[in-house]
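The values are calculated or read from the model by the stated rules, or taken from the named source; none is laboratory data. Because the structure is predicted, anything quoted here is derived from the model rather than measured. Because the Cβ atoms are built from the backbone with ideal geometry, glycine has one as well, and the counts that use them run over all protein chains shown. Surface accessibility is based on the protein's heavy atoms, side chains included, excluding ligands, DNA and RNA. Shrake-Rupley method; radii C 1.70, N 1.55, O 1.52, S 1.80 Å.
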Amino acid sequence: MTAAQADLVRSELDLPEDLTLDTPRVEDGAAIWRIARDSKALDLNSSYSYLLWCRDFAATSVVARDADGGPVGFITGYVRPERPETLVVWQVAVDHAQRGRGLAATLLDGLVKRVAATGVRGIETTITPDNTASNRLFTSFAERHQAPLEREVLFHGGLFPDGAHEPEVLYRIGPLGSLGPSADRT
């Protein structure tokens, strides 16, 4: 990305001066795994899976980089094979030091804007009922983009083989009415 392109993205997404959005690279896998682990909110996947994610799903994922180029936040996603107009957001995490700056919303807006050029018109994600931060993130995204939001339990807790797991509630957002951030964003 050129400096001019970075400035355009920064102004369109209200990105702080010290951060940039980028496509993840395999070399980012370890840092992304650590951010996910330290979040204490995500189901942690193997470190190997984050390396694969950065290789195979980089085009549908995004990373925020600090001034030194290190990852400080990420979203991993993929396009559903049966519904190529739907981006499935797998995980969202922001480093503790970067929280409270609206970075998760900026990452989500930036990623959706990028994949919209490939025909994506909606988002799906799953959120456990106790994850208020993710609930707020996706609810406010739907409001910001004037998009309908539907919720339904996708996987009830009894389906998980590892014991007590809260249900995973499917959030379906779309069709998306506005792919750029609105002026009333907070």
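Worth a mention:
- Taking the range 22-104 as the region of interest, the strands (runs of 3 or more DSSP E) fully inside it that hold 2 or more residues being closer than 21 Å to Arg114 by Cβ, at pLDDT 95 or above and open to solvent by 20 Å² or more (accessible area, probe 1.4 Å) are 71-80, 83-94.
- Checked against the criterion of being open to solvent by 30 Å² or more (accessible area, probe 1.4 Å), at pLDDT 95 or above, closer than 27 Å to Pro71 by Cβ and among the β-branched types (Val, Ile, Thr), the candidates Thr126, Thr132 yield just one match: Thr126.
- Restricting the range 105-123 to residues that are open to solvent by less than 80 Å² (accessible area, probe 1.4 Å) and among the β-branched types (Val, Ile, Thr), the residue that is farthest from the chain's Cα centre (by Cα) is Val120.
- Among (1) modelled with pLDDT of 95 or more; (2) within 21 Å of Leu21 (Cβ to Cβ); (3) of a type in the set (A, V, I, L, M), the one test that Val169 misses: (2)
- Any hit, the range 120-134, residues being polar (S, T, N, Q) and free of Cβ contacts under 8 Å to residues at least 12 places away in the same chain: yes
- A search for C-beta distances below 9 Å between a residue of the range 2-25 that is under 13 Å from Ala67 (Cα atoms) and any residue that is open to solvent by 50 Å² or more (accessible area, probe 1.4 Å) and modelled with pLDDT under 70, counting only pairs 6+ apart in sequence or on different chains, returns Thr20/Met1; Leu21/Met1; Asp22/Met1.
- Residue, farthest from Leu107 (Cα to Cα), within the range 136-148, restricted to residues that are open to solvent by 50 Å² or more (accessible area, probe 1.4 Å) and in contact with a strand residue (DSSP E or B) (Cβ under 9 Å, 6 or more places away or on another chain): Pro148
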